[in-house]
Amino acid sequence: MRLAPPREATRDELRRVHTETHIARVAASAGRTVRFDADTQAGPRSYAAALKAAGAVVEAVERVLEGDCDSAFCAVRPPGHHAEPDRVMGFCLFNNVGVAAAYALARGLERVMVVDWDVHHGNGTQAMFYDDPRVLYLSSHEYPFYPGTGALDEVGEGSGRGFTVNLPMPAGMGDAEYARVYRQIVEPVGRAFDPQLLIVSAGFDPHAADPLAGMRMRERGFAEMAAVCRSIAAGAAAGHAVFALEGGYDLDGIAGSAAAVAAVLLGGEHAAVPWPATGPLDALLDAYREALSAYWPVLRG
């Protein structure tokens, strides 16, 4: 593993997904403390950090596309997936993954996939690409939960219909449940789309120790999801994958889970997570297939 310092995102890079008014509002917080809403505030150095968070993910995309590295993990904060084109939200100032996906499209890529396994739905990323068939946004998340979006029937609109895939999950899901969802739903959909680049919103708040959510994931479960993502990226993407830190509020859980994901990206072996062939999860998987098979025939049968 090689460490790389981040650069700041440029205004032009931010403008691809954010309005000028939004960028100016966040920039105006520099040097002071500003509360944007009940959840989100900026301190004197938050704007500078947000520029580097977005810039780090853009630079990681650039490096993998140039062949400088196969994959990258961006240990960034603030997170980004709640930030909408014109709105700060949910601890997020700029949408790091959204900025990076738009950068990849500007470079000429035609198929970019964003996998979001944060425990919260990435409403901002979804909004940015809801009508764009070039970006497949797939999110697994606790539901109903903050921010209230991410229902199964939110599938995109216009030419982007079918290219938003939401997998809402009840609280209490652990490694076995996530492993089955990712192997039986996420992997076949991702391989059918065959992205030229995979970007992962890697939130570690589904961890069992996280104080803000109700999932029961452990390190081996995150490693299994990372392995699924590597499988998806093995096609047209030629292994190119960029993982960006999103949420996660238990420091030990973040550290152990991020290390487990990084080990997978470095080619390490991990023990596959077993799951029962049948059980309570069957009804949820059936609902996914019923809602999504019209767009993704690979899920039929």
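The number of residues in region 26-64 that are out of contact with any strand residue (DSSP E or B) (no Cβ under 9 Å at 6 or more places or on another chain), more than 20 Å from A244 (Cβ to Cβ) and touching a residue at least 24 places away in the same chain (Cβ under 8 Å) comes to 0.
Among the residues of region 220-241, the one identified as more than 17 Å from the chain's Cα centre (by Cα) and assigned to a helix (DSSP H, G or I) is R220. Scanning region 50-75 for residues that are more than 15 Å from Y103 (Cβ to Cβ), in contact with a Leu (Cβ under 9 Å, 6 or more places away or on another chain) and either of a type outside the set (D, E) or in a helix (DSSP H, G or I) (or both) yields A50, S71, F73, A75. When region 126-148 is examined, which residues are found to be within 22 Å of E62 (Cβ to Cβ) and either buried (at least 24 other Cβ atoms within 10 Å of the Cβ) or among the hydroxyl-bearing types (S, T, Y) (or both)? M128, V135, L136, Y137 - these are the residues of region 126-148 that are within 22 Å of E62 (Cβ to Cβ) and either buried (at least 24 other Cβ atoms within 10 Å of the Cβ) or among the hydroxyl-bearing types (S, T, Y) (or both).
Answer yes or no: is there a residue in region 148-168 that is closer than 20 Å to F36 by Cβ and either at pLDDT 95 or above or assigned to a strand (DSSP E or B) (or both). Full working, then the answer.
As a first pass, look at region 148-168 and keep what is closer than 20 Å to F36 by Cβ: 148-149.
Retained after the next criterion (residues that are either at pLDDT 95 or above or assigned to a strand (DSSP E or B) (or both)): 148-149.
Looking through region 148-168, at least one residue is closer than 20 Å to F36 by Cβ and either at pLDDT 95 or above or assigned to a strand (DSSP E or B) (or both).
Just to check your reading of the model, which residue among G256, G214, G248 is modelled with pLDDT of 95 or more, under 21 Å from P168 (Cβ atoms) and surrounded by fewer than 19 Cβ atoms within 10 Å (Cβ to Cβ)?
On the way: G256 fails: under 21 Å from P168 (Cβ atoms); G248 fails: surrounded by fewer than 19 Cβ atoms within 10 Å (Cβ to Cβ).
Being modelled with pLDDT of 95 or more, under 21 Å from P168 (Cβ atoms) and surrounded by fewer than 19 Cβ atoms within 10 Å (Cβ to Cβ) holds for just one of G256, G214, G248, which is G214.
Does at least one position in region 90-101 carry a residue that is in a helix (DSSP H, G or I), buried (at least 24 other Cβ atoms within 10 Å of the Cβ), at negative phi and not hydrophobic (A, V, I, L, M, F, W, C)? Let's see the steps before the verdict.
At the first step, the residues of region 90-101 found to be in a helix (DSSP H, G or I) are 96-101.
Now restrict to residues that are buried (at least 24 other Cβ atoms within 10 Å of the Cβ): 96-101.
Applying the additional criterion that residues be at negative phi yields 96-101.
Those still in the list that are not hydrophobic (A, V, I, L, M, F, W, C) too: 96, 98.
Scanning region 90-101 turns up at least one residue that is in a helix (DSSP H, G or I), buried (at least 24 other Cβ atoms within 10 Å of the Cβ), at negative phi and not hydrophobic (A, V, I, L, M, F, W, C).
Across region 248-293, what is the total count of residues that are in a helix (DSSP H, G or I) and either over 24 Å from T164 (Cα atoms) or of a type in the set (V, I, T) (or both)?
Within region 248-293, the first condition is being in a helix (DSSP H, G or I), and the residues that meet it are 251-265, 281-292.
Applying the additional criterion that residues be either over 24 Å from T164 (Cα atoms) or of a type in the set (V, I, T) (or both) yields 251-265.
Total meeting the criteria: 15.
Applying the condition of being surrounded by fewer than 23 Cβ atoms within 10 Å (Cβ to Cβ) and touching a strand residue (DSSP E or B) at 6+ places or on another chain (Cβ under 7 Å) to region 105-125 and asking which residue is farthest from G80 (Cα to Cα) yields L109.
Of the residues in region 3-11, at least one is farther than 14 Å from A83 by Cα, of a type outside the set (G, A, S) and assigned to a helix (DSSP H, G or I).
Restricting to region 115-140, what's the tally of residues that are β-branched (V, I, T), touching a His at 6+ places or on another chain (Cβ under 9 Å) and outside any helix (DSSP H, G or I)? Lay out the reasoning, then the answer.
Initially, region 115-140 is screened for residues β-branched (V, I, T), giving 115, 119, 125, 135.
From the residues that got through so far, the ones that are touching a His at 6+ places or on another chain (Cβ under 9 Å) too are 119, 125.
So of that shortlist, the ones also outside any helix (DSSP H, G or I) come out as 119.
Residues flagged as β-branched (V, I, T), touching a His at 6+ places or on another chain (Cβ under 9 Å) and outside any helix (DSSP H, G or I) within region 115-140 amount to 1.
Pairing residues of region 110-137 that are of a type in the set (D, E, K, R) with residues that are in a helix (DSSP H, G or I), at Cβ distances under 6 Å and at least 6 apart in sequence or on separate chains, gives D131/G158; D131/G160; D132/G160; R134/L105.
Return the total of residues in region 183-198 being closer than 20 Å to D286 by Cβ and either free of Cβ contacts under 8 Å to residues at least 24 places away in the same chain or of a type in the set (K, R) (or both). Final tally of qualifying residues: 1. Go through (1) more than 25 Å from A104 (Cα to Cα); (2) part of a helix (DSSP H, G or I); (3) touching a residue at least 24 places away in the same chain (Cβ under 8 Å) one by one and return the number of the condition P211 breaks. For P211, the failing item is (2).
Within region 79-89, if we keep just the residues that are buried (at least 24 other Cβ atoms within 10 Å of the Cβ) and over 11 Å from the mean Cα position of the chain (by Cα), the residue that is nearest to A56 (Cα to Cα) turns out to be A83.
The values are calculated or read from the model by the stated rules, or taken from the named source; none is laboratory data. Just so it is clear, the model here is predicted, and its values are computed rather than measured. Cβ sites come from the backbone with ideal geometry, for glycine too, and all protein chains shown count toward neighbours.
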